[in-house]
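Here's the structure, in structure tokens; my notes come after.
The values are calculated or read from the model by the stated rules, or taken from the named source; none is laboratory data. Here the structure is a predicted model, which is why all the values come from computation and not from measurement. Note that each Cβ is placed from the backbone with ideal geometry, even for glycine, and that neighbours are counted across all protein chains shown.
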Amino acid sequence: MNMLRVWPIVCQFGVGALLCLIGIWGGLRGGYLNLKTTEDRRLLIILIAGFLLMLAIVCFFTFLAPNWANGGTI
Amino acid sequence: MIAQVIGGKIDYTVMLFYFVAVLGFGLYFGRYTTTTKDFFFGGQRFSWWLISFSCVATVVGSYSFIKYSTVGFKYGISSTQSYLNDWFWMPILVLVWIPIIYYMKIQSIPEYLERRFDKKTRIAATFIILLYLVGYIGINLITLGKTLHTLLGWQIMTGAIVTAVAVALYVYIGGQTAVIMTDLVQGIILLIAGLGLFAVAIYHFGGFGKFWALLPKEHKYAFSDFNAPPNFSFIGIYVQDGLANTGALMLMHQGFIMRFLSLKSVRDSRRMVVCWILVLAPLAAIATSCGGWIARALVNNGEASIEPSDAFVKAAHFLCSPGVFGFVLAALTAALMSTADTLINAVSAIFVNDIWRPYVKPGSSDKHYLRVARITSLCAAGLGLALVPIFMKDTIYGAHSMFTAAVTPPVLTAIFLGIIWKRYTPAAAFITITGGAVLIGLSFIWPDLLVGPFDFGMGPDSYKFMRALFGLSAAVTLGISVTLFTKPKAEAKLKGLVAGTQIDAMRNFKGGQPNLRPGEKVRLKAKIDQSLAGNDTVILPQSALDKMAAEPGDLLYASHTRWWYGGLRSVHLKAGLPAAEHNESMLISPEDAATAHFTDGQQVIVEKII
């Protein structure tokens, strides 16, 4: 595995996770983000789902799609 | 000249028609602007979807099409990598930053810095933010100047002047409402044009597989290599665009702050940000970059000979029939105007709120400040034009990267630490901003000494990107060190201004305990009641209050029943004591009815805000 291709994912999603955690912590602290309400729980789920979706897209275009050279199978 | 090769009369007619139409559209909304609140914040009444589109239009500048298509041509789909960072800022934005600025009724970043820290921090930040915004205007103007030079053979400065005058004119008259409404149209147009071009290209090549096969393998990665090449390495782009620039867009860009404050409620900001960052921004990333990918595929297919900097325009010209090409050119114009208008309005807001109102002429009438705001809009466009010759010396990508990497880190760091860390002191914030700016300035004199240690072995070619990492590191180090040796502000004075105190901010906004019980919207008939004149209270039936889970004193929002107005015809109100009679009417004062453009007997939708 070419680590020069892996480090960007580690770096971006590592620092990204930290930023997300700081934001969620900032919401939970003081009760502004109240996980007892449906709306706030849904927001948290969307946040995590968005993060995972981005990660999946990036992994696809790093480990799979570049090998799909001629329109055949990956 | 290239101008005689690219495009035909019909293309330029379409482009001119678009230009005039947007100008007229923007000028039409001037009638909604009668106060500085309207001019800067559009009356705080817009729906989430409208602001989402306008945010995309603002993020996508004309430099985006040219810049990202150029790197897309050179490096492939990794040209979209900088768009992948926005999501990570989303929790801080919707859970901390927007509630703070909205509920504390903060009108500008410098104002926040004064309330959170002190006056001298506000003054220092005002100058840096103005520099940032005016520089951004310059970058946008030079891009369209260059594009018009390629298309029409005009001098770069001539193209920049023509567009600056047009944008300044509709901002002058229509303010934020004109900006939002024109940006909605422009956001839709640039997405249709960019994605339409991509769809046409796929059809031209005979399917996505064939298009994909025409790209070199190195062009198919989501990210460029970690530290190569120096002028497009992952780490360089990440620190400059992902951290400094995206952070600045989210936290210190006055244009975006004003856009967030234009929303009808903080709750709407959640939907707005999700739609903007998760749906529209990725589409915009494809729309702006695909010109470069298509151009590369055309070259590899032996169909065209294209230079990187012409990738978007040449690819569009190759694939589009006359007239349609003009529409694509209109999208380029749209991208420029939709970014420049926001920036011009933002400069005006900062000048009026942070310089004119507090220091030059305090205590004047709102009419006076509105006049100053309008004149400042024209001056901001003029200042942006003055910077065009400076940015001409570099590539667009290079100029943009160098500028954002150099200007944003100190203020961004001060805001970031200010909202998440109660202990962060006023003295530390001042040193973060001024000391950070000085160190970044020194990095231009001694780049090898200061930026060199942060270059990941890439050498001087990477400095314009890696300066952002140096700047962020220097600002954070200064901020933390000074905080440890200075006295923090009393906690009581930080209520509503830092993470953990958003509920206090809500109390401040409402003037009482927020009502967070979930309720429903109700449909009522607006009846203008002269006895309520001079009073922003509305009288509703008890049944409507029950359905909304609202109580007397709660803040409400009444809007036209047609959703596609997007809040243009709406108003914020306060619930009064319930009506004695059982009917389905909302009694409203003549002033509020006029603000919302409601007529007597009209059906409206009412919802509880807080």
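Can you pull out every residue in the range B:495-536 that is assigned to a loop (DSSP other than H, G, I, E, B) and more than 14 Å from every other protein chain (Cβ to nearest Cβ)?
B:G511, B:G512, B:K521, B:D529, B:A533, B:G534, B:N535, B:D536
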Worksheet item: Is one or more of the residues making up the range A:34-42 surrounded by 15 or more Cβ atoms within 10 Å (Cβ to Cβ) and facing another protein chain (nearest Cβ under 7 Å)?
Response: no
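Does B:L524 satisfy the criteria of being in contact (Cβ under 8 Å) with a residue 40 or more places away in the chain and more than 24 Å from B:I180 (Cα to Cα)?
On the way: in contact (Cβ under 8 Å) with a residue 40 or more places away in the chain: yes; more than 24 Å from B:I180 (Cα to Cα): yes.
Judged against the criteria, B:L524 is a match.
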Worksheet item: Looking at B:S305, B:S265, which is the one that is surrounded by fewer than 22 Cβ atoms within 10 Å (Cβ to Cβ), more than 12 Å from chain A (Cβ to nearest Cβ), within 30 Å of B:V606 (Cβ to Cβ) and polar (S, T, N, Q)?
Response: B:S265
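Test of understanding: among B:F234, B:F223, which residue is within 12 Å of chain A (Cβ to nearest Cβ), touching a Lys or Arg at 6+ places or on another chain (Cβ under 8 Å), touching a residue at least 60 places away in the same chain (Cβ under 8 Å) and surrounded by 24 or more Cβ atoms within 10 Å (Cβ to Cβ)? Steps first, please.
On the way: B:F234 fails: touching a Lys or Arg at 6+ places or on another chain (Cβ under 8 Å).
Being within 12 Å of chain A (Cβ to nearest Cβ), touching a Lys or Arg at 6+ places or on another chain (Cβ under 8 Å), touching a residue at least 60 places away in the same chain (Cβ under 8 Å) and surrounded by 24 or more Cβ atoms within 10 Å (Cβ to Cβ) holds for just one of B:F234, B:F223, which is B:F223.
Does the range B:571-578 include one or more residues that are over 27 Å from the mean Cα position of the chain (by Cα), over 14 Å from B:L556 (Cβ atoms) and touching a residue at least 12 places away in the same chain (Cβ under 8 Å)? Explain how you work it out, then say what you get.
First, pick out the residues of the range B:571-578 that are over 27 Å from the mean Cα position of the chain (by Cα): B:573-578.
Next cut, over 14 Å from B:L556 (Cβ atoms) only: none.
Within the range B:571-578, none of the residues are over 27 Å from the mean Cα position of the chain (by Cα), over 14 Å from B:L556 (Cβ atoms) and touching a residue at least 12 places away in the same chain (Cβ under 8 Å).
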Item to complete: Among the candidates B:L141, B:L148, B:L130, B:L152, single out the residue that is assigned by TED's automatic domain parsing to the domain that holds B:S348 and free of Cβ contacts under 8 Å to residues at least 40 places away in the same chain.
Response: B:L148
Discussion item. If I ask for residues that are closer than 19 Å to B:W97 by Cα and either under 15 Å from the mean Cα position of the chain (by Cα) or touching a residue at least 60 places away in the same chain (Cβ under 8 Å) (or both), which ones from the range A:30-47 would you list?
Written reply: A:L43, A:L44, A:I46, A:L47
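Would you mind stating whether B:D38 is under 17 Å from the mean Cα position of the chain (by Cα) and among the charged types (D, E, K, R)?
Working: under 17 Å from the mean Cα position of the chain (by Cα): no; among the charged types (D, E, K, R): yes.
Here the answer is no, as B:D38 does not meet what is asked.
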Worksheet item: For the range B:294-313, what are the residues that are closer than 26 Å to B:Y136 by Cα and in contact (Cβ under 8 Å) with a residue 60 or more places away in the chain?
Response: B:P308, B:S309, B:D310, B:A311, B:F312, B:V313
Worksheet item: Among (1) farther than 23 Å from A:I24 by Cβ; (2) within 14 Å of another protein chain (Cβ to nearest Cβ), where does B:I109 come up short?
Response: (2)
Worksheet entry | Scope the range B:172-192; condition over 15 Å from the mean Cα position of the chain (by Cα) and buried (at least 23 other Cβ atoms within 10 Å of the Cβ); matching residues | B:Y172, B:G174, B:L190
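Is it the case, given these coordinates, that B:R259 is away from chain A (no Cβ under 13 Å), surrounded by 20 or more Cβ atoms within 10 Å (Cβ to Cβ), outside any loop (DSSP other than H, G, I, E, B) and modelled with pLDDT of 90 or more?
No: the conditions fail for B:R259.
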Practice prompt. Any residue in the range A:48-69 that's touching a residue at least 12 places away in the same chain (Cβ under 8 Å): show its pairings with residues that are assigned to a helix (DSSP H, G or I) and surrounded by fewer than 16 Cβ atoms within 10 Å (Cβ to Cβ) at Cβ separation under 8 Å, as long as the two are six or more apart or on different chains.
Written response: A:F51/A:A17; A:T62/A:V6
Fill in: Residues of the range B:39-85 satisfying the condition of being crowded, with 24+ Cβ neighbours inside 10 Å and of a type in the set (D, E, K, R)
B:R45, B:K67
Worksheet item: Hey, which of the helices (runs of 4 or more DSSP H) in the range B:134-243, taking only ones fully inside, have at least 1 residues that are at pLDDT below 80?
Response: B:156-205
Response to the item:
Within the range B:68-96, the residues that are closer than 28 Å to A:C20 by Cα, more than 9 Å from every other protein chain (Cβ to nearest Cβ) and not hydroxyl-bearing (S, T, Y) are B:D86
Discussion item. If B:V60 meets every condition in (1) modelled with pLDDT under 90; (2) within 26 Å of A:L33 (Cβ to Cβ); (3) more than 10 Å from chain A (Cβ to nearest Cβ) apart from one, which number is that one?
Written reply: (2)
Worksheet item: Does the range A:58-71 contain at least one residue that is among the polar types (S, T, N, Q), in a helix (DSSP H, G or I) and facing chain B (nearest Cβ under 7 Å)?
Response: yes
Item to complete: For B:R271, indicate whether it is assigned to a helix (DSSP H, G or I) and buried (at least 24 other Cβ atoms within 10 Å of the Cβ).
Response: no
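Each row is one residue, and each column tells you yes or no for (1) in a helix (DSSP H, G or I); (2) away from chain A (no Cβ under 14 Å); (3) touching a Leu at 6+ places or on another chain (Cβ under 9 Å).
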site	(1), (2), (3)
B:G418	yes, no, yes
B:I433	yes, yes, yes
B:G436	yes, yes, yes
B:L439	yes, yes, yes
B:M458	no, no, no
Response to the item:
Going through the range B:493-538 in order, the residues found to be crowded, with 21+ Cβ neighbours inside 10 Å and touching a strand residue (DSSP E or B) at 6+ places or on another chain (Cβ under 7 Å) are B:V522, B:L524, B:A526, B:V538
Item to complete: Being of a type outside the set (G, A, S) and more than 8 Å from every other protein chain (Cβ to nearest Cβ) is the filter; apply it to the range A:4-20 and report the residue that is farthest from B:T413 (Cα to Cα).
Response: A:V6
